[in-house]
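Novice: Structure below; questions to follow.
The values are calculated or read from the model by the stated rules, or taken from the named source; none is laboratory data. All values derive from a computational prediction rather than experimental measurement. Quick reminder, even Gly has a Cβ in these numbers, built from the backbone with ideal geometry, and neighbours come from all protein chains shown.
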Amino acid sequence: MPKGPKMKTHKGAQKRFDTTGTGKIRRAKGMKSHFRRRKSPRVKRMFDKLIEMNPADRKRVQKLIPYGLK
């Protein structure tokens, strides 16, 4: 029985998002590279942490990456 075509993974989304073991999607914060010299070291460290994605956006990203992340 023939199957339909597979969904292609959106490569830009695959590079930008990460998933946890429980299936939550994490993202990096914005404003990380612009005006870097005037930001304090504490602020620059806080940009390194990944934060959990909003549930409203999570559905949209899961459509871009149908077969899971990394």
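Novice: Inside the range 42-58, can you point out the residues that are of a type outside the set (S, T, N, Q) and under 13 Å from PHE17 (Cα atoms)? Talk me through it step by step, then tell me what you get.
Specialist: Within the range 42-58, the first condition is being of a type outside the set (S, T, N, Q), and the residues that meet it are 42-53, 55-58.
Within the range 42-58, LYS49, LEU50, ILE51, GLU52, MET53, ASP57, ARG58 meet the criteria.
Novice: Hey, can you tell me all the residues within the range 27-61 that are within 11 Å of the chain's Cα centre (by Cα), of a type in the set (Val, Ile, Thr) and surrounded by 11 or more Cβ atoms within 10 Å (Cβ to Cβ)?
Specialist: VAL61
Novice: May I ask you to list pairs of residues, at least six apart or on different chains, whose Cβ atoms are under 9 Å apart, with the first in the range 26-54 being farther than 23 Å from GLN14 by Cα and the second being in a helix (DSSP H, G or I)?
Specialist: Once the first residue is farther than 23 Å from GLN14 by Cα and sits in the range 26-54, its partners that are in a helix (DSSP H, G or I) give ARG36/LYS44.
Novice: Evaluate the range 2-12: report whether one residue or more is at pLDDT 85 or above and within 11 Å of the chain's Cα centre (by Cα).
Specialist: Yes: one or more hits.
Novice: Something else about it: If I ask for residues that are aliphatic (A, V, I, L, M) and surrounded by 14 or more Cβ atoms within 10 Å (Cβ to Cβ), which ones from the range 1-26 would you list?
Specialist: In the first step, residues of the range 1-26 are kept if they are aliphatic (A, V, I, L, M); the result is 1, 7, 13, 25.
Within the range 1-26, ALA13, ILE25 meet the criteria.
Novice: If only one of ASP18, ASP48 is touching a Leu at 6+ places or on another chain (Cβ under 7 Å) and either modelled with pLDDT under 85 or not in a helix (DSSP H, G or I) (or both), which one is it?
Specialist: ASP18
Novice: Only one of these conditions is not met by PRO66: (1) over 14 Å from GLY12 (Cα atoms); (2) without any contact (Cβ under 8 Å) to a residue 60 or more places away in the chain; (3) assigned to a loop (DSSP other than H, G, I, E, B). Which number is it?
Specialist: (1)
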